[in-house]
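Each remark here refers to the structure printed beneath this line.
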Amino acid sequence: MSSYNFKVNVSCVIKKDSDFLLIKRADDEEVFPGHWGVPGGTVEPTDPTLEDALIRECMEEVGVEILNVQPISNDINDKGDRGALYIVFKADYKRGELQALDGTAEAKWLGIDEIRSLNLTPKTLEMIEACL
């Protein structure tokens with residue numbers, strides 16, 4: 001019997017006034033090194049809910065708290081022996097000093113025009129534009 005590895009990942013488009021929070025992935029990251037995207041990560045077995053996982057990931061990656069969390073999209077990626085469910089949320093910035101933490105090279109509040117000029121991870125622009 002073969003094993004099947006399935007993960008659930010959450011990510012968040014965080015808005016503060018008219019800007020969005022983007023992170024630049026570290027150059028040594030395995031997936032999309034040096035690309036810009038939104039905070040997020042894998043749901044852990046200890047996370048009571050998807051929202052709790054998202055709140056934890058935002059604190060771990062950029063040190064900010066969020067509120068008004070709402071799901072905006074989901075997608076399944078199946079690669080035969082492994083798969084993932086990606087759930088994207090939008091939220092408002094609540095508080096916290098923006099920091100680049102946990103595999104994050106940079107973290108910035110950026111306007112949509114600046115975002116469009118960056119080297120983005122796939123679907124990042126689509127996620128942000130869904131929140132305009």
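Any read-out appearing in this document is the output of simple, stated calculations on the displayed coordinates, not a laboratory observation. Remember, predicted model here, so these are calculated numbers, not experimental data. When we count neighbours, we look across all protein chains shown, and the Cβ atoms used for this are built from the backbone with ideal geometry, even at glycine.
Annotations for the structure displayed:
- Loop-resident sites, region 1-85, for trypsin sites (Lys or Arg not before Pro), counting at most 11 other Cβ within 10 Å (DSSP): K79
- A straight line joining the Cα centroids of region 35-80 and region 106-132 runs 17 Å.
- For the chain, the antiparallel share of DSSP beta bridges with both residues in that region comes to about 65%.
- Exposed GluC sites (Glu not before Pro) absent: longest stretch of the chain, with sites in DSSP loops and at most 11 other Cβ within 10 Å deemed exposed: 31-96
- Virtual spin-label span in nm between S73 and D27, 7 Å along Cα→Cβ: 3.0 nm
- Degrees between helix 50-62 axis and first principal axis of the chain (Cα, 0 to 90, nearest 10): 60 degrees
- Calculated FRET efficiency, A100 to D52, Cβ-Cβ distance, R0 = 25 Å: about 0.65 to the nearest 0.05.
- For region 94-101, Karplus couplings with θ = phi - 60° (6.51, -1.76, 1.60), whole Hz, Gly/Pro x: 9, 5, x, 8, 4, 9, 8, 10
- Taking every DSSP helix (H) stretch of at least 4 residues in the chain, weighting each as -39,500 (n - 2.57) and dividing the sum by the residue count yields a mean residue ellipticity at 222 nm of -5000 deg cm²/dmol.
- Gyration tensor (alpha-carbon) shape descriptor, the chain, a/c threshold 1.5: prolate
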